[in-house]
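Each remark here refers to the structure printed beneath this line.
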Amino acid sequence: MANSLKIEGISRSFGTVKALDDFSLTIKQGELVSLLGPSGCGKTTALRIVAGLERADSGVINLNGKKITDTPAHKRNMGMVFQSYSLFPHLTIEENVAFGLQMRKEPKSKRLARAGDLLELVGLTTQHKRFPHQLSGGQQQRVALARALAIQPEVLLLDEPLSALDAQVRQNLREEIRRLQVELNMTTLFVTHDQEEAMAISDRVG
């Protein structure tokens, strides 16, 4: 099985603080790898560098054998889910999920069909015309996950997506994320400070 994502020798400093020092990781196609550690250890910085939202001081990132170290974030074909949902409050749930496809100038019929499929996948079909403020935190995070998956990314990046939720919702949603990840054979990098969460959801933990 080909390696999907390869991070080699990434370093990143912020002033005198070294967030990452020669960090390397290989994730195979369809594998879910978690980066586990306390706040400030550099795991989110690593995720943001992979996404193209931060630049590394040194090192190389390869996706499916192609160097993407200098590729802009919007051309990396990665889906990202943040801790804070980051949904557009003025758009309906359906429009939020379809947003990435709209940016890629996909026809409206295709956008809505894809959004419908993803909302069914995350169990929110009947909520498609609602707005984010009308949903619970757990439902909003499901929408954020569906939006990330709508563009059919090569890699899914999850930045502590469950930490703002209460315990029962968190457990249910992590099981849902794992189910979808396996079903879609999605290469995934998951950042968390929760050891139990990392052990429950991952193929490997760093």
With the condition kept exactly as written, say whether any residue in segment 84-98 is surrounded by 16 or more Cβ atoms within 10 Å (Cβ to Cβ) and over 23 Å from A148 (Cα atoms).
-> no
Could you check how many residues of segment 138-172 are more than 24 Å from T45 (Cα to Cα) and charged (D, E, K, R)?
-> 1
Are there any pairs with C-beta distances below 7 angstrom linking a residue in segment 14-34 that is on the phi < 0 side of the Ramachandran plot and free of Cβ contacts under 8 Å to residues at least 60 places away in the same chain to a residue that is open to solvent by less than 40 Å² (accessible area, probe 1.4 Å) and not in a strand (DSSP E or B), with the two at least 6 apart or on different chains, and if so which?
-> A19/G42; A19/T45; L20/G42; L20/T45; L20/A46; F23/A46
Subset of segment 1-60 [outside any strand (DSSP E or B), among the charged types (D, E, K, R) and over 13 Å from L189 (Cβ atoms)] = E54, R55, D57
Residues of segment 111-140 satisfying the condition of being open to solvent by 70 Å² or more (accessible area, probe 1.4 Å), out of contact with any Leu (no Cβ under 6 Å at 6 or more places or on another chain) and outside any loop (DSSP other than H, G, I, E, B) = D117, E120, T126, H133, Q134
Which residue, of K108, K28, K66, K75, is of a type outside the set (S, T, N, Q), closer than 26 Å to H133 by Cβ and open to solvent by 80 Å² or more (accessible area, probe 1.4 Å)?
-> K108
Would you point out the residue of segment 31-63, among those that are hydrophobic (A, V, I, L, M, F, W, C) and open to solvent by 40 Å² or more (accessible area, probe 1.4 Å), that is nearest to M103 (Cα to Cα)?
-> L53
Out of contact with any Asp or Glu (no Cβ under 6 Å at 6 or more places or on another chain), assigned to a loop (DSSP other than H, G, I, E, B) and under 15 Å from S84 (Cβ atoms), is that true of A144?
-> no
Answer yes if at least one residue in segment 162-176 is under 25 Å from F88 (Cα atoms), among the β-branched types (V, I, T) and modelled with pLDDT of 90 or more, and no otherwise.
-> no
Matching entry among D203, D194 (being at pLDDT 90 or above, within 20 Å of T44 (Cβ to Cβ) and acidic (D, E)) = D194
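The values are calculated or read from the model by the stated rules, or taken from the named source; none is laboratory data. Since the structure is predicted, the reported quantities are computational estimates derived from the model, not experimental observations. With ideal geometry, Cβ positions are generated from the backbone for all residues, glycine too; neighbour counts draw on all protein chains shown. Protein only, heavy atoms only, side chains kept; ligands, DNA and RNA dropped before computing areas. Shrake-Rupley method; radii C 1.70, N 1.55, O 1.52, S 1.80 Å.
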